[in-house]
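**Student:** Below: one structure in structure tokens.
The values are calculated or read from the model by the stated rules, or taken from the named source; none is laboratory data. This is a predicted model, so every value here is computed, not measured. Note: ideal-geometry Cβ built from the backbone for every residue, glycine included; neighbour counts use all protein chains shown.
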Amino acid sequence: MALLATARGSAFVCRAINITKPLHRQCNFLSTSASPLFLCFQKKCNLNLQKPVRDAADSKILCSLLNVEDGIDDEACELVSGVELSLGEDDDNICAYLFKAVKNNNGTGILLLSDNFGFEDSFTRDFAYRVACNGYNILVPDLFRGNPWTEDQPKDGFEQWIARQNTERIADDITRWTKWLVDEFMAAGISKKLGIIGFCFGGGQVLKVLAQDQGACFGTGISFYGTRMDPLAAADIKAPVLFILGDNDPLCEVSEIDNIRKKIDRDSELVIFPGRGHGFAHRPGSPEEDVDAEQAYMITKDWLYDHLLV
């Protein structure tokens, strides 16, 4: 059972969702030759949409094919193609994955910002794949330019690693990929608004992106246990935000997030999972966390539908 706080009041309201399946599952990304299902994407960079954005700063987009094997038994899962994108050249080159529903694509683009483990992390890909299964186009950029945090590094070196990450460069990379999404989906009239989702470090970036956007491109945001959030950014956000976290997370205090939610207002919501710590929703570590991760996913799915498709 999760607890729900809305912008219309400070009381927590219980929301129950039936749980039928665990969240965690494996998706295989193959570098071998493509199966016939994905041949339509070879030697094409427009992904069956409008032509790629090209300007002085971003002179070239490169695409390479990834096969995504369908190992999911979701109730409404569509076939999903995976394409690796490269934007810009040389030292200005940035990479991302695009997960795209093959059939019944709803045309909506969503930017998914990873946690510290980066855009190649299997848990992040798994979540992105599952959201794409519901008809979305999920772009997962490489926020750390090939230098994510890894589990084999000493924990006492984390602050040094994070200090080496150039926040201005990360913000600029996110802006460039947002522009790509706008040109591919919004400018073509395919998507009215974009969505943005973030985990941990990426969850903190969600606030910065929405504050800078001022409601121009993004229709909503979802922040999973966001870290290093700037409370001052909340006042500039013009889109509703869903916050999902556990009440046993020292990296993301409930009281701080609730204060941010209240500053945003705009029907933003805070969903709290009792007893859960950091990362439970996209990298569950126990059967009990699997259940809460499934509930968090279902809440996410409903939120995206209500704020981007209705």
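**Student:** I'd like to check something: does the stretch 174-191 contain any residue that is assigned to a loop (DSSP other than H, G, I, E, B) and either touching a helix residue (DSSP H, G or I) at 6+ places or on another chain (Cβ under 9 Å) or polar (S, T, N, Q) (or both)?
**Tutor:** Yes, because at least one residue in the stretch 174-191 is assigned to a loop (DSSP other than H, G, I, E, B) and either touching a helix residue (DSSP H, G or I) at 6+ places or on another chain (Cβ under 9 Å) or polar (S, T, N, Q) (or both).
**Student:** Please go through (1) small (Gly, Ala, Ser); (2) part of a helix (DSSP H, G or I); (3) over 16 Å from residue 202 (Cα atoms) for residue 233 and return the number of the only condition it doesn't satisfy.
**Tutor:** Single failed check for residue 233: (3).
**Student:** Go through the stretch 132-157 and count every residue that is among the hydrophobic types (A, V, I, L, M, F, W, C) and free of Cβ contacts under 8 Å to residues at least 40 places away in the same chain.
**Tutor:** Summing the residues that are among the hydrophobic types (A, V, I, L, M, F, W, C) and free of Cβ contacts under 8 Å to residues at least 40 places away in the same chain in the stretch 132-157 gives 2.
**Student:** Please work out if residue 111 is within 13 Å of residue 198 (Cα to Cα) and modelled with pLDDT of 95 or more.
**Tutor:** For residue 111, the condition - within 13 Å of residue 198 (Cα to Cα) and modelled with pLDDT of 95 or more - is met.
**Student:** If we scan the stretch 262-278, do we find a residue that is farther than 24 Å from residue 117 by Cα, among the small types (Gly, Ala, Ser) and in contact with a strand residue (DSSP E or B) (Cβ under 8 Å, 6 or more places away or on another chain)?
**Tutor:** yes
**Student:** Here is a further query. Would you call residue 251 at pLDDT below 95, in contact with a Ser or Thr (Cβ under 6 Å, 6 or more places away or on another chain), among the hydrophobic types (A, V, I, L, M, F, W, C) and over 25 Å from residue 134 (Cβ atoms)? Break it down into steps so the answer makes sense when it comes.
**Tutor:** Numbers: at pLDDT below 95: yes; in contact with a Ser or Thr (Cβ under 6 Å, 6 or more places away or on another chain): yes; among the hydrophobic types (A, V, I, L, M, F, W, C): yes; over 25 Å from residue 134 (Cβ atoms): yes.
Criteria met by residue 251.
**Student:** If you check every pair at least six apart or on different chains, which have Cβ atoms under 8 Å apart with a residue in the stretch 269-298 that is of a type in the set (Ser, Thr, Tyr) first and a residue that is in a loop (DSSP other than H, G, I, E, B) and buried (at least 20 other Cβ atoms within 10 Å of the Cβ) second?
**Tutor:** 297/23; 297/281
**Student:** Test of understanding: among 177, 149, which residue is modelled with pLDDT of 85 or more and either of a type in the set (A, V, I, L, M) or under 19 Å from the mean Cα position of the chain (by Cα) (or both)?
**Tutor:** 177
**Student:** Is there a residue being among the charged types (D, E, K, R), out of contact with any Leu (no Cβ under 8 Å at 6 or more places or on another chain) and either outside any loop (DSSP other than H, G, I, E, B) or under 29 Å from residue 289 (Cα atoms) (or both) anywhere in the stretch 193-209? Please lay out each step first, then the result.
**Tutor:** At the first step, the residues of the stretch 193-209 found to be among the charged types (D, E, K, R) are 193, 208.
Still in the list and also out of contact with any Leu (no Cβ under 8 Å at 6 or more places or on another chain): 208.
Still in the list and also either outside any loop (DSSP other than H, G, I, E, B) or under 29 Å from residue 289 (Cα atoms) (or both): 208.
So far as the stretch 193-209 goes, yes, one or more of its residues are among the charged types (D, E, K, R), out of contact with any Leu (no Cβ under 8 Å at 6 or more places or on another chain) and either outside any loop (DSSP other than H, G, I, E, B) or under 29 Å from residue 289 (Cα atoms) (or both).
**Student:** May I pose another question? Looking only at residues that are among the polar types (S, T, N, Q) and out of contact with any Asp or Glu (no Cβ under 9 Å at 6 or more places or on another chain) in the stretch 93-151, which one is nearest to residue 206 (Cα to Cα)? Give the steps one after another, and end with the answer.
**Tutor:** Of the residues in the stretch 93-151, the ones among the polar types (S, T, N, Q) are 93, 104-106, 108, 114, 116, 122, 124, 134, 137, 147, 150.
From what's left, out of contact with any Asp or Glu (no Cβ under 9 Å at 6 or more places or on another chain): 93, 106, 108, 116, 122, 147, 150.
On the way: 93: 22, 106: 23, 108: 18, 116: 14, 122: 21, 147: 20, 150: 22 Å.
Of everything passing the filter in the stretch 93-151, 116 is nearest to residue 206 (Cα to Cα).
**Student:** Mind checking whether some residue in the stretch 284-296 is closer than 19 Å to residue 227 by Cα, among the β-branched types (Val, Ile, Thr) and either at pLDDT below 95 or not in a loop (DSSP other than H, G, I, E, B) (or both)?
**Tutor:** no
**Student:** For the stretch 262-283: of the residues being basic (Lys, Arg) and surrounded by fewer than 21 Cβ atoms within 10 Å (Cβ to Cβ), which is modelled with the lowest pLDDT?
**Tutor:** 266
**Student:** Kindly provide the set of residues from the stretch 243-259 that are surrounded by fewer than 24 Cβ atoms within 10 Å (Cβ to Cβ), among the hydrophobic types (A, V, I, L, M, F, W, C) and in contact with a helix residue (DSSP H, G or I) (Cβ under 6 Å, 6 or more places away or on another chain), ordered by number.
**Tutor:** none
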